[in-house]
Every structure is written in C-alpha cells, then in structure tokens.
Amino acid sequence: MIRDTFDKIRDKADIRENLIKLKAELKETHSKTALLYYIGADYQILLNLLKEEDPKIRKNTALILGELNIPETLNDLFEAYENEEQLFVRSAYLTALKNFDYSSYVEKLEKRYDILSSTEITEGNKKHVEEELRHLSALIRKVKGAQKHEFTGYKVPSSLILLTNRNYIGATLKELQGINAREFNAGVMVESDDLDKVLSVRTYTEILFILKDIKSVDRDVVTGAKALAESSLMEFLMQRHQGNPPFYFRIELKAKMELDKRSSFTKKFASELERNTGRKLINSTSDYEWELRLIENRDGRFNVLIKLCTLKDDRFSYRKNVIAASINPAMAALIAALAKDYMKEDGQVLDPFCGVGTMLIERNKEVKAGTMYGLDVFGQAIERAKENTALSGDTIYYINRNFFDFKHEYLFDEIITNMPRAQGHKDENEICELYRRFFAKAGEHLNQDGVIIMYSHNKDYVHKFYNRKSFRIVKEFEISKREGAYLFILQIV
C-alpha cells in the first residue's frame, strides 16, 4: 500500500528502496490522490530528503515531487536544482519542474542554458550535460514558445526530390514540362529556381531537398553528425528562411534497425548535431520546423534529405475534413491524371461513393466537368464533403443517399469513384456483394458512350462482376501491387 511505503520513508527505513517503490506505486490509478490525501501538509518530509547525502535519494525524491505537483514545493525544488552538484541528478529536477507553473523561473533557466552550452564537453560529462540541455530547452520553449521561421526561399536555386507513385513517375514528369527534371527510382529529381511552379504539381506525395555538398553521411554517430554540421546545412536553412537560429528539427531514420536501436541512434545523432552547430540546431520531436531524413543505402551509409515543414503545401488546402475511408488527395490527383484522356470536358459526372468529395474535386481540376453529383450513405461524410467543396470553389451536388436507391432524370457521361473496401464495419462478403450490385446498377445511369473510372482494391471482383455484354475494360493500371490497388477504365459497349 502506498501509505505504508510513505510511512517507511518517514521513519527513514530503507529510504532509497522505498522511494523507488513509492515512485512506481504513483503510476497506479488513484494512487496520487490517495497519497496527497494521506500526507496533507506533511510534505516537508520529502523536501528534507532533497538535502540527503545520497544523490539517488535526491533524484528519486525530485521525481516524486514532480508527480505529486504540490505548488508549495516548487521553490524548494528549484533551489535544490540550483544547488545540485551531481550532473546525473540535475535532469530529474527539470523533469519534475515541467508539471508545475515554473514561468517565474524561466530567466534563470535561460541563464543556466547559456552557461551549460559553453561548458567544455568531455567523455565524462557529455551524456548528462546534453540531457540537461535537452530538458532546459524543452522547458524554455514550453513557456516562451519556439521561434518560428518564415520560408522565403521560393526563388533560391534548389535540388529537389518529388516522391511519387513508382509505377507512374511519368505522370509527374509530364506536369513538370519546361522544368529541369529527370526520373529516378522513387520519383523525380528537379533543379529549379522557381518553387511555385513545382508546388503546383498535384501528383507527388512529398517534396524533399538535397544538399549540394553532402549526399550521405557515415553511420558512425560522431563522424556523421560532424560531417553534416560542417556541410552547407546551416547556409541552406538561412538562405531559405527569415530570422536567425536556432532552427528546430527532428530526425526520421529509415534503416534496418530494431526500434530501440533506431531510437538510441537518432537521440545520439541529434545531440551531436546540436553540439557541433553550437545549438543553432535544436532537436524537438513536437514543434520542429524541418526534418532530417536519413535513409540507409547499399553502402551502409545514410543518404541525407531535408524536409522543410516551413514550406507550406497548399495544393489540397480545401481538404479540411476527412473520414477513415478517405483517399489520399495526391492519389486522387494521380488517378485523375491517368484517366484524363477518358474524361469528357463539361461532362456530367457521378461519384456513387463520394466520401468527403476528394475524387470529384481532383477530377474537376484535371478536366473541367459540367454538373457533378456525389452520393454517400454516411451523412457525416456528405456534410464534410460540402464544406470541402465550398473551400475548393467547385459546384458539386451532394446527396445523402444509397446509390442502389438513386434515381435521376438524365444520364451521366462518367462515373468516377474510389470503391469501398473491407475495413471498419464492412466485411469482405459485403464488399463482394457491393461490387456485384454496382455493375448491375451502373449501366442505368450512363450514356451510351459513358465510362467508369474506378479506383479499386478488389481487382478480382471487378473482373468477376462487370458485365461483358454491357462494358469492356479499356485500360487497367496497377497502382500498387503491394496494396492491391488498381485503376480501371470501363466503357459502355
């Protein structure tokens, strides 16, 4: 019982062991409330332990005070932090402080940060100094906020990688006509001094920057981080942003490592990068401005790519609302691009499973449609689709109705849709039946030269249920073999 443990501490029985036990017991539900009720104003017992000779007693006491979050203990806790001589204990006080309103101590925390930043790093103090610096930085940012930088580098010559669907890199290359671009295995490499032109392309999923003078780093943390710190990285960031350092970053590591080893590597690499740049770069997993992408290559080194979160992607700014089944908007844009030759300008278009409207909106951006209708049985999806469409500036008529009950006074030139698949409350039998009914119903709504543009994760159902007397598959695109995703173009016979 937590009361018994506290009594033993009060009686000075095996203090260190019982502090560890008390700290563990506080993690149990309602334990904190029970202990606070029991000790009342008798917290001086814990404050006295902050003066014990055993540093591990001081460390565990500080962590317990942080969990209890008794406002009256804040001053003593901070004073103990200032007086603490053991480096490995200091971070425990900072961990405790984050649960208090410590805003009145921020200036002192900043001064400590500046002093510690100029401390000579040795093998003996390195781990604990860097740990304390991380805690100090996080506490200061929590109160003062991180300095935000505005991206201004739209006209700065840049080497870029646009990540795309690997099967249809050509669709993105086609949108980049007039721009220096070439294909590579994961997308398109671009050289440009006009980012606005690149940012208008809708079919890439992510944009990454390449540093001119360093393509990869050694997997040794110390060597790799030092090489990156001495590269053009800081110049790259400064050229593209308004404002001065520090710049806040996180590391995304793509390597064949176990999770715990990946975590350890990124922490160590980030600490080395911070130290080698004089804290002009600060690691932050929450409010970061850029991401260092390290990708293991065949040589055992890590390729270096930069993702700038300060570079706003407004291509799909209309898409404020989604549901679980929503299609990625870049994928919807790719589908529209691949199906472009089969779309009719000013055509009458229907999406029988429209979700939040992404397919119809992206279709209309590729080829201007006439009247567009979207149906869905999920009323919340329809409401969200209406909001998205208002933001996109399109005119689409949404109806909360089951496609199989839908009637309309005129026929459509095109049905475009992302077919539902087995997930959530929909099982495989339901999806199979849905495909069967869809092909029986679709012909009722299409003109004699009408087409179906269908994104599907059930290739076999398409081939099994489409009526060969009514339709023919004029084109089949394998979007992702791994995900079983295909795009079908079917035409009325």
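The values are calculated or read from the model by the stated rules, or taken from the named source; none is laboratory data. All figures in this text were calculated on a predicted structure; none of them were measured in a lab. Glycine gets a Cβ as well: all are built from the backbone with ideal geometry, and neighbour counts include every protein chain shown.
For this structure, a couple of remarks:
- The listed residue being among the acidic types (Asp, Glu) and more than 30 Å from Leu36 (Cβ to Cβ), out of Glu67, Glu120, Glu82: Glu120
- Lone qualifier among Lys320, Lys267, Lys344 - being over 29 Å from Asp196 (Cβ atoms), touching a residue at least 60 places away in the same chain (Cβ under 8 Å) and either not polar (S, T, N, Q) or not assigned by TED's automatic domain parsing to the domain that holds Ile382 (or both): Lys344
- With respect to being in the same structural domain as Leu162 (by TED's automatic domain parsing) and part of a helix (DSSP H, G or I), Lys307 falls outside the description.
- Unique match (being among the basic types (Lys, Arg), crowded, with 19+ Cβ neighbours inside 10 Å, under 24 Å from the mean Cα position of the chain (by Cα) and over 26 Å from Thr119 (Cα atoms)) among Arg240, Arg262: Arg240
Conditions tested, residue by residue: (1) among the charged types (D, E, K, R); (2) modelled with pLDDT under 90; (3) on the phi > 0 side of the Ramachandran plot; (4) crowded, with 17+ Cβ neighbours inside 10 Å.
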residue: Ile2; (1), (2), (3), (4): no, no, no, yes
residue: Asp7; (1), (2), (3), (4): yes, no, no, no
residue: Ile15; (1), (2), (3), (4): no, no, no, yes
residue: Asn18; (1), (2), (3), (4): no, no, no, yes
residue: Thr33; (1), (2), (3), (4): no, no, no, no
residue: Tyr37; (1), (2), (3), (4): no, no, no, no
residue: Asn48; (1), (2), (3), (4): no, no, no, no
residue: Lys51; (1), (2), (3), (4): yes, no, no, no
residue: Asp54; (1), (2), (3), (4): yes, no, no, no
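- The numbered conditions (1) modelled with pLDDT of 95 or more; (2) more than 14 Å from the chain's Cα centre (by Cα); (3) within 14 Å of Val221 (Cα to Cα); (4) not hydroxyl-bearing (Ser, Thr, Tyr) are all true for Ile306 except (3).
- Only one of Leu133, Leu116, Leu65 that is under 30 Å from Asp42 (Cα atoms) and outside the structural domain of Glu274 (by TED's automatic domain parsing): Leu65
- Scoring Glu123 on the criteria (1) assigned by TED's automatic domain parsing to the domain that holds Lys197; (2) out of contact with any Ser or Thr (no Cβ under 7 Å at 6 or more places or on another chain) leaves a single failure, condition (1).
- Residue selected from segment 421-453 under the condition closer than 20 Å to Ala324 by Cβ and among the aliphatic types (A, V, I, L, M), by the criterion nearest to the chain's Cα centre (by Cα): Ala422
- In segment 74-110, residue farthest from Lys126 (Cα to Cα) [restricted to those that are of a type in the set (S, T, N, Q) and in contact (Cβ under 8 Å) with a residue 40 or more places away in the chain]: Ser103
- Of the criteria (1) in contact (Cβ under 8 Å) with a residue 24 or more places away in the chain; (2) surrounded by fewer than 16 Cβ atoms within 10 Å (Cβ to Cβ); (3) more than 19 Å from Ala92 (Cβ to Cβ), which one Leu160 fails: (2)
- Pick from segment 356-377, criterion within 30 Å of the chain's Cα centre (by Cα) and polar (S, T, N, Q), ranking: farthest from Tyr318 (Cα to Cα): Asn364
- The set of residues from segment 154-171 being among the hydrophobic types (A, V, I, L, M, F, W, C), farther than 17 Å from Gln242 by Cα and in contact with an Asp or Glu (Cβ under 8 Å, 6 or more places away or on another chain) comprises Leu160, Leu162, Leu163, Ile169.
- Here Leu375 clears all of (1) out of contact with any Lys or Arg (no Cβ under 6 Å at 6 or more places or on another chain); (2) farther than 25 Å from Asn167 by Cβ; (3) of a type outside the set (Lys, Arg); (4) crowded, with 18+ Cβ neighbours inside 10 Å except the condition numbered (1).
- Selection over segment 145-173 of residues that are closer than 30 Å to Phe477 by Cα and in a loop (DSSP other than H, G, I, E, B) gives a count of 2.
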